[in-house]
Structure formats: structure tokens, C-alpha cells
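For reference, the structure discussed in these notes is given below.
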Amino acid sequence: MQNSQCTKCKNTFPIFEEDLAFYKKMNVPTPTHCPKCREARRLAWRNEWKFYKRTCDLTGEKIISYISPESKQRVYSLNAWFSDKWERRATGRDYDFSRPFFEQFKELLTATPHIPLLMGDCENSLYTNYSWKNKNCYMISASDFNQDSYYSAYLEQSRDCADCLWVSNAELCYECTDCEKCYDCDFCQTCKNCQTCEHCTECSRCADCFGCINLRDKKFCVLNKQLTREEYESKKAYFLKNRGELEARLKELRDREPVMAIHNSSCENCAGDTLINCKRCFLCFDLIDSIDCRYVTYGLKAKDCTDMNGASHCELMYESVASPECYNCRFCSACWVKSSNLDYCHLCRACTNCFGCVSLYRNSYCILNKQYTKEEYESLLPKIIEHMKSNGEWGEFFSDEVSPFS
């Protein structure tokens, strides 16, 4: 292990042997920012909830966008962005070795049209953002593989849910937080494999429980007291009519009951919280079915990823944000679905072997949106990387000053 000083907050942070092995595998330098400052810099490129009314710069139609109309950024509607009515490489330009890369990238970013909301393979789910493979959903963000769900965030593989946060594999749930595999539950927090429960916290494998905490394999309980079915129905009906008393009794119960230190399940050699079926994940949070990840927040089936926010079905990813189903990418933002071997790209979908590109779709061997042959690309790329190393740019994520968001 070695220590380094963050150039942003000036705090000292450790770089572990496992980190060094990953950096060597990805052929990147050790980071200059600590994990928290690296994450803050990435999240400046992620706007989940602030929506604006604006006009499509191609068709003139009124659209909803996560980019402000006051921004200089051009935005096309979803249909227009995916259409063949514009040439994505029209903004392509030669790489200028007399200028910094980030300066050139900022100019390309401003000149190239953006998509209004980040969504992929969704059906009848227009008002969703950072969403993937959802059907009949409305106002959900950072959520994937859901159906008939509303007003939620970080919802995964669920259906008929509303007003939920960090919920996975659930059905008919309302106002639930940090719950997994629950059915017909309301106002529950950190519950697993529960059904028809209300106002419960830290319960597992319970059914027909009301206002309970830390129960396991229980049924017909109210405020942690075992009742008959008839007593349960009577007590539940009473408290539903007397909400003030219910809140007071719940507070008394919460003050008495211990709180779990972490909420991991079926994990091996992990350090973090809210991890499900994960192995060898270090300082990771809200990951499901992931392996060999470090400093990753929120993801599903991620493998061998470091420094990511939004890592679903990814492998070999470093310092990237909101880039699902990608392979072997570095320093990317919102590069989606079957993209691979990308560096410093933004909003590229189904692309391979591209560097410093914006809003490409099914393109390969491009640099700053300019098309090259495979041989030209492989010859020019190492020279660009050496140029970036010479001025301290290589290995740094995009600056928040360049972000299209305020």
C-alpha cells in the first residue's frame, strides 16, 4: 500500500495493492484525487431529476430534457437523435497537438447534439431518466428492467411499484426503501423476502406484519407482538385509524431495537453496504450480483470495475459514470449498451474503439468524432495519449466545468 495526497481536498488517501494491480491492467496512472473527490467529479456529469421544457434543435418540437434551455448545448428529441436525419461525424475535427485535449473536447461537446434524456430500450416510458429496459413506467430514475412503476429511483427488476427508493425484485410495493424481494408491502425499510407487510423495518421472510422491527420468519405480528389472525386484523385496523398513536409506538420500538451495522446479504470478502450476492467488492454500495469491484456505487452484474457510478452489466470499466453494458472503457460518461474499448467518450452508444467522441451511434475507430481507418486509429491514439501525459491530462476524468449540467 502507498499513500497519496488528493490534489482537490488535500487529504491523504491510501492506494492499495489491489488498486495498483487494476491500474496496471487498465494501463492508467494512479489517481490524483481521493475516492470521494473522484466520485464528486463524476457525479457532476449525472443529472437524474432536474428536467426542463425546451425545443428540439432539429425538428422544433417541444421536448422534456435534462439539459437546461439556457445551456449552449444543442439537444435533439429522442426520435431525432436516433434517426438518420443528421450526420454524427459532421462535427468531427483533427486532433490539435498544440492544445490541451480537454479544451478540444469541450468544443466538440458543445457543437454535437445531445439526447434529451438518458434511456435505452424502453417502452412507453418517456418521462424516465438514466433508465434501461423499462416498460410502462413514469418518473423513475436510475432504474432498470421495471414494469408499470412510478415516482421511484434506483428501482431494479420490479413491477407495479410506486414511490420506492433502492428496491429490487419487488412487486406491488409502495413507499419502500432498501427492500429486496418483497411483495405487496407498504412503508417498509430494509426488508427482505416479505409480503403483505406495512411499516416494518429490518424484517426478513415475514408476512402479514405491521409496525415491526428486526423480525425473522414471523406472521401476524403488530409492534413485534405475536397475535392471532383475528387479533392482527383488529389491531392493524385500529392503528390505521390512529396514525398519531402508531407513530409514537413505532418511535418507542425503534429506540429499543438495535440497528444492523451493514445490510449485506450473500456476500464474500466485501466492504461496503447494501450489497447483494457480491464477491470481493471494496468500498462499494448498492451493488447486486457483482464481483471484483472497487469504489463503485449502484450497479447490477458488474465485474472488475473501479470508480463507477451506475455500473450495470459492465466489465473492465474505470472512472466512468452511467455506462451500462459496456466493456473495457476508461473515463467515459453515459456510454451505453454494447460499447467497448472507449476512452474519454460521452453519450456514445453501441460504439467500439473510439476516443474523445460525443453522441456517436454504432461507430468505430473515431477520434473527436472524425472517422479513421483501423490502422490510422491505432497509429494516432498512442501519440494522443503521450500528448495528454505530457500536460497532465491522461488519467483525469472530465472536469465539472465542462459538464453540460449547471
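Remarks
- Environment charge of Asp121, counting only residues whose C-beta is closer than 13 Å and scoring Lys/Arg +1, Asp/Glu -1: +1
- Ranking Tyr138, Cys351, Tyr52 by Cα position along the charge dipole of the chain, where only Lys, Arg, Asp and Glu carry charges on their C-beta atoms, puts Tyr52 farthest toward the positive end.
- 17 Å Cα-Cα reach of Lys279 towards aspartates and glutamates, excluding residues that sit fewer than 8 places from it in its own chain: Glu18, Asp19, Glu268, Asp289, Asp292, Asp304, Asp307, Glu315
- Pairs over the 24 Å Cα-Cα cut-off, from the set Lys24/Lys383; Lys10/Lys72; Lys72/Lys135; Lys85/Lys374; Lys301/Lys389; Lys106/Lys303: Lys10/Lys72; Lys72/Lys135; Lys85/Lys374; Lys301/Lys389; Lys106/Lys303.
- Residues of region 148-164 with amide N under 14 Å of a point placed 7 Å along Cα→Cβ from Tyr127: 149-152, 163
- Spin-label pair Ile262/Ser234, simplified geometry with 7 Å Cα→Cβ offset, distance in nm: 4.5
- Shape of region 166-265, Cα gyration tensor, a/c cut at 1.5: prolate
- Fraction of beta bridges assigned by DSSP in the chain that are antiparallel (%, nearest 5): 15
- Inter-part distance where region 169-220 and region 339-406 are each reduced to a Cα centre, Å: 46
- Highest-first arrangement of 222-232, 360-370, 303-313, where packing means the average Cβ count within 10 Å: 303-313, 360-370, 222-232
- Among Cys191, Ala261, Phe105 - extreme Cα towards positive end, dipole of the chain, charges at beta-carbon: Phe105
- When you filter the chymotrypsin sites (Phe, Trp or Tyr not before Pro) in region 3-48 for DSSP loop state and at most 13 other Cβ atoms inside 10 Å of their Cβ, you are left with Phe16.
- About the centre of its Cα atoms, the chain shows a dipole size close to 380 debye [charges on the beta carbon of Lys, Arg (+1) and Asp, Glu (-1) only; nearest 20 debye].
- Here's the list of lysines a cross-link from Lys218 could span, going by alpha-carbon distance under 29 Å and ignoring same-chain residues fewer than 8 apart: Lys181, Lys192, Lys235, Lys236, Lys241, Lys251.
- The protection proxy used here, the mean number of other Cβ atoms lying within 10 Å of each residue, ranks peptides 343-355, 1-13 as follows, highest first: 343-355, 1-13.
- Normalised by the number of residues in the chain, the mean separation of alpha-carbon contacts (under 8 Å, six or more apart) gives a relative contact order of 10 percent.
- Shape call, the chain: gyration tensor on alpha carbons, a/c limit 1.5: prolate
Each value in this text was obtained by applying a stated rule to the coordinates, not by laboratory testing. Values in this document were obtained by computation on a predicted structure and should not be read as measured data. Using ideal geometry, Cβ is built from the backbone for each residue, glycine included, and neighbour counts are taken over all protein chains shown.
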